[in-house]
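These notes are about the structure you will find just below.
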Ligand code: HEM
């Protein structure tokens, strides 16, 4: 154990103090050279590193400054931290302020976030260009990777942007098979509603987030991992914890100085060993499937293989290198699918339930539409779901009003880039972080009219009912993206799971609306719970409650289309 030298005794005059200090430094330096005072050496090194690190941080931050109108606090000395801190607590207001000031002219503006300057586009044409531009000019994964480079939270999938084949699995396997997977997702969702909502006679107050996340996790995982694993509570909890924890932690880690990021990453995430625990459960499933694939041979495997993401991931991985075929790598794909799907869909479900509880006049017209459309199409078919315009419209409006991701198409310029579109020319240097303000765009009166600030559930169905061109009408579907509707982002990296998400949301809502009455607790006075702003991100209030009651009409409805499986009741 290193000891402080005797010279550390208190001096009795200023000169004595200087001599004493010089003596102390000399003695300690000699001890460090002789290898006797390792602790002191580390202390000196840290004292030296902290200002160097601070200066480097300020240099990096200043280097990323872009000469555009800024909103929020003007950063002076230490201002980057002040401005960043301000942004964390007021992100929605700051972005909205910038949008109101500059959107009319179509000018971009810049905001200081804790780590970097962020350019916000307001011109829808420039937003469309950002969404469509080639990745080698303005990169999507590169931006993600840059933010995650030092904390490696989402590696190897999110960070490993060369091998994002799980994204293609959704596009090329899940979406085209939608009609065949819908009955299973529906069934799982229905059973999960019934299992999770434990209602007494009359109205029962329910902490709604826990119910929603359970119902969404189970029904989505019926398609991701199949039965019985989609009911394995341990696995669902791990998927969920990883998604929620990572979502929260990734921002916190990004805020911390790089030096401390690995420590924070370990304390906040890695020590829970969530991926490893998921892999332990998933490994036997991958092994079993691989064995089945080998035994059946290609032709029979293609004809008989289970219709779920485990199968599609194996098929995709087999076309990749050996590393991608390991159980660990394939398990990561399922973890990442859950990461992308569960929190987002659960938040959307929570928003729409709050919206409908706060606007109860929409509920009966929705029920009427659901019943008449299912009567017409013989139950829960894909066609029936596509034809529920009012339900679709409420979902789109709910996401317009409260999109889950409030800034989207976050990218990084890979070279100096001049926009070809837009009212005001925009040139950005290489290394600029750039994004689109989804929430602000959705509340723009220029784009959505004078009632943009009102929740109008049938806003889009009323427009669609007047349209004669089906192609035009389909552009207003809940899953359709545009430069003015960014809830699922837009362009090259728009959400690939959005069709799945909307079908799933519709099926969960249909069951919920047909079986239950829903209302806000009395003390809310008809007002839905306010959103929460955490670390610059917005979320529905996950602590909120709703009241549920069984409807007597359910007895007739549950057998009406002969579709509700026995297990459900
Ligand atoms: C209502 C639910 C959902 C919402 C609101 C949502 C929203 C989004 C958004 C905004 C993005 C783009 C992120 C950005 O620009 O920074 C995105 C990307 C993505 N989403 Fe979703 N999502 C939802 C459900 C799902 C589901 C169910 C899946 C999987 C089945 C999924 C898979 C993905 C994937 C793989 C990406 C990355 C696309 C790429 O890398 O090009 N999402 N999502």
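None of the figures in this text is laboratory data; all of them are computed from the coordinates on show. Here the structure is a predicted model, which means the values were calculated and not measured. Every residue, glycine as well, gets a Cβ built from its backbone with ideal geometry; the counts of neighbours run over all protein chains shown.
Given axes a ≥ b ≥ c from the Cα gyration tensor, I'd like to know whether region 341-394 is rounded (a/c under 1.5), prolate (a/b larger than b/c) or oblate. If you can, show how the numbers build up before the last one.
Details: a/c = 3.03, a/b = 1.38, b/c = 2.20.
It comes out oblate by the Cα gyration axes.
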Given an 8 Å cut-off on Cα distances and at least 6 residues of separation, report the relative contact order of the chain as a percent. 20 percent
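Quick one: work out the % antiparallel among DSSP beta bridges in region 422-569, nearest 5. Working shown, then result.
Working: 7 of 8 bridges.
Rounded to the nearest five, the antiparallel share is 90 percent.
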Relative to the longest principal Cα axis of the chain, at what angle does helix 233-255 sit, 0 to 90 degrees, rounded to 10? 40 degrees
Return the Cα extents of region 211-301 along principal axes one, two and three, sorted largest first, each rounded to a whole Å. 54, 32, 19
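Sort 347, 252 by Cβ crowding within 10 Å, fewest neighbours at the top. Don't skip to the end; give the middle numbers.
On the way: 347 23, 252 16.
Least crowded to most crowded, the residues run 252, 347.
Cβ neighbours within 10 Å, averaged per peptide: list 409-416, 111-118, 215-222, 263-270 in order, most packed at the top. Write down the numbers at each step before the final one.
Numbers: 409-416: 19.5, 111-118: 22.5, 215-222: 25.8, 263-270: 16.6.
So the peptides 409-416, 111-118, 215-222, 263-270, ranked by packing, come out 215-222, 111-118, 409-416, 263-270.
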Note on the chain: alpha-carbon gyration tensor, axes a ≥ b ≥ c; rule is a/c under 1.5 for rounded, else prolate if a/b larger than b/c, else oblate; result prolate
Checked region 283-433 against the a/c 1.5 cut and the a/b vs b/c comparison, axes a ≥ b ≥ c from its Cα gyration tensor; verdict oblate
Of 332, 96, how do they rank once you tally other Cβ atoms within 10 Å and put the fewest first? 96, 332
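Highest first, please rank the peptides 461-472, 175-186, 506-517 by the mean number of other Cβ atoms sitting within 10 Å of their residues. Before the final figure, lay out each step's value.
Numbers: 461-472: 11.8, 175-186: 16.5, 506-517: 21.5.
Result, highest mean Cβ count within 10 Å first: 506-517, 175-186, 461-472.
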Order of 362-374, 393-405 by packing, highest average Cβ count within 10 Å first? 393-405, 362-374
May I ask what percent, to the nearest 5, of DSSP beta bridges between residues of the chain are antiparallel? 80 percent
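What does the helix-only formula give at 222 nm for the chain: each DSSP H stretch with n ≥ 4 adding -39500 (n - 2.57), the total divided by the residues, and the result rounded to the nearest 500 deg cm²/dmol? If you can, show how the numbers build up before the last one.
Numbers: 22 runs with 310 residues, N = 569.
That comes out to -17500 deg cm²/dmol.
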